[in-house]
Amino acid sequence: MKQTLVVVASSMIFLAVQAKTTQDGVYTEAQATRGEAVYSKACASCHGPSLDGDGQAPPLAGKEFEDEWKGAPLSDLFERIRVTMPGDAPGALKPAEVADVMAYLFSRATFPAGPSELSSDVAALKAITFMAPAR
Ligand code: HEC
């Protein structure tokens, strides 16, 4: 019985450590600034300079974008961008550039910045959940 309690307690601590979201300051402002340069160069032509989409390319900001990714681990968004984008040159971005461009999207979504950069490590990104405040 006592052992069961210890197991339950330690798995609760594990969950608490894992339960990080985009509301917890998961990127830095400097990283978002780098990501803005990547965005202008590689994304804006299709997704628009204001991230509001353009014909075929969906918006990368606002409610539609947030509803699409809400609850998903950041590894999903990272892989989606890394493997399929930019639409005219899929896979052209380095993993660090993908993380930087995500930091820029988060800054535009007004998710809070924090003390450490968003990692480009898929396992680390898996532990962070996309969460937007209700709009
Ligand atoms: C040549 C045009 C083009 C460029 C450049 C481009 N995209 Fe896209 N993107 C698209 C199109 C079209 C779609 C929707 C169809 C699809 O999934 O391929 C899309 C879809 C996406 C999605 C999925 C959106 C959602 O809500 O499901 C993300 C995220 C994304 N793009 C990010 C980026 C990023 C970041 C860049 C820059 C590194 C970029 N794209 C550059 C055309 C483009």
(request) Beta carbons within 10 angstrom, averaged per residue: use that to sort the peptides 99-105, 64-70, 76-82, highest first. (result) 99-105, 76-82, 64-70
(request) Take the Cβ-Cβ distance between Ser50 and Ala72 as r, set R0 to 25 Å, and report the resulting FRET efficiency rounded to the nearest 0.05. (result) 0.60
(request) Could you work out how far apart the two model spin labels at Lys41 and Glu64 are, taking each label as a point 7 Å from the Cα in the direction of the beta carbon, and quote it in nm? (result) 2.8
(request) Could you calculate the contour length gain from Arg135 to Ala19, that is, 0.36 nm times the residue separation minus the distance between their Cα atoms, to one decimal place in nm? (result) 39.6 nm
(request) For Lys94, go through the aspartates and glutamates and keep the ones whose alpha-carbon is under 14 Å away, minus same-chain ones fewer than eight residues off. (result) Glu79, Asp121
(message) Compute the helix-to-body angle for 29-42: its Cα long axis versus the longest principal axis of the chain, expressed 0 to 90° and rounded to tens.
(response) 40
(message) Quick one: 3J(HN,Hα) in Hz for region 117-134, Karplus 6.51/-1.76/1.60 with θ = phi - 60°, rounded, Gly and Pro as x.
(response) 6, 5, 7, 9, 8, 4, 5, 5, 5, 5, 7, 10, 9, 5, 9, 10, x, 4
(message) Between Ala57 and Lys126, how high is the FRET efficiency from 1/(1 + (r/R0)^6) when r is the Cβ-Cβ distance and R₀ = 22 Å? Nearest 0.05.
(response) 0.25
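Please give the net charge around Pro95, taking every other residue with its beta carbon less than 11 angstrom from that of Pro95, where Lys and Arg add +1 and Asp and Glu add -1. Working shown, then result.
Details: positive: Arg82, Lys94; negative: Glu79, Glu97, Asp100, Asp121.
Overall, the nearby charge balance is -2.
Could you tell me the relative contact order of the chain? Use alpha-carbon pairs under 8 Å, at least six residues apart, and round to a whole percent. All intermediate terms of the calculation are to be shown ahead of the outcome.
On the way: 192 pairs, mean separation 54.9, N = 135.
This gives 41 percent for the chain.
Readers should treat all values here as calculations from the given coordinates under stated rules, not as data from a laboratory. Since the model is a prediction, treat every value here as computed from it, not as a measurement. No Cβ is skipped: glycine too gets one built from the backbone with ideal geometry, and neighbour counts run over all protein chains shown.
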